[in-house]
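Remarks on the structure that follows.
The values are calculated or read from the model by the stated rules, or taken from the named source; none is laboratory data. Small disclaimer: the values here were computed from a predicted structure and weren't measured. Cβ coordinates were reconstructed from backbone atoms using ideal geometry, including for glycine residues, and neighbour counts include every protein chain displayed. Heavy atoms of the whole protein, side chains included, go into the accessibility calculation; ligands, DNA and RNA do not. Shrake-Rupley method; radii C 1.70, N 1.55, O 1.52, S 1.80 Å.
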Amino acid sequence: RFGWALLTAMLQATADMGAADQALAEALALAFAGVSDAPAALTPQTALDWLQQAAPRHPRYADVTDVLTIYGGITVQRLEYEQALAVLLPVYALVAQPRQAYYLAEAYYARSQQAATVAEQLQECACALQYGQQALDSTLHLQRTRALLEEIQATYARLSAARRREVLMT
């Protein structure tokens, strides 16, 4: 049931947000089933707080990590980049899995497209490039990561050239 809830949440992330949210809530409930110190209200934020305090060897640590990673991926799909970064950065700091790095690369790359100045775009793109390179460790995302990295690298090169021109002009 846990895996099915996560899969359902990912598949319905953009098509039916209500169903995705329900599947995520179910996945959180299943991840915390039988945990005596589970948060009273199960939300991505309370799960993240619990994860940051739990011992990595806790039997439910990996399950909670999976739910939060999927949640981060869903928020990227929904174009909610700040929310994605707020969850994925701390989770990545704890477990540093390629899946989180991939979603972080996507979020930073999308933010680079929205930044106001070339310097800000370049900074966001550099973060995307860093996480994209770390995501290459995953054979699961290898093809998608390579395509994303090529796009990020081309944008980074374009932004670097634009930034150099900007600096020369000033």
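Tilt of helix 142-169 relative to the longest C-alpha principal axis of the chain, in degrees (0 to 90, nearest 10)? Approximately 40 degrees, to the nearest ten.
Accessible area per residue was computed with a 1.4 Å probe on protein heavy atoms; Glu82 scores about 120 Å². I need the shape label for the range 75-153. Rule: rounded when a/c is under 1.5, else prolate if a/b > b/c, else oblate, with a, b, c from the alpha carbon gyration tensor. Oblate, because a/c is 1.5 or more while a/b does not exceed b/c.
Taking 0.36 nm per residue of separation and subtracting the Cα-Cα distance, full extension of the segment from Thr46 to Leu168 would add 39.1 nm. Length gained on full extension, Met17 to Arg78, computed as 0.36 nm times the residue gap minus the Cα-Cα distance: 21.1 nm. Simple spin-label estimate for Ala93 and Glu150 gives 3.5 nm between the two label positions (7 Å along the Cα-to-Cβ direction from each Cα). Of Tyr102, Thr65, Ala23, which is farthest on the positive side of the dipole of the chain, counting Cα position, with +1 on Lys and Arg Cβ, -1 on Asp and Glu Cβ, and the Cα centre as origin? Of the candidates, Tyr102 comes out farthest on the positive side. Expressed as a whole percent, the proportion of Cα-Cα pairs in the chain lying more than 19 Å apart is 58%.
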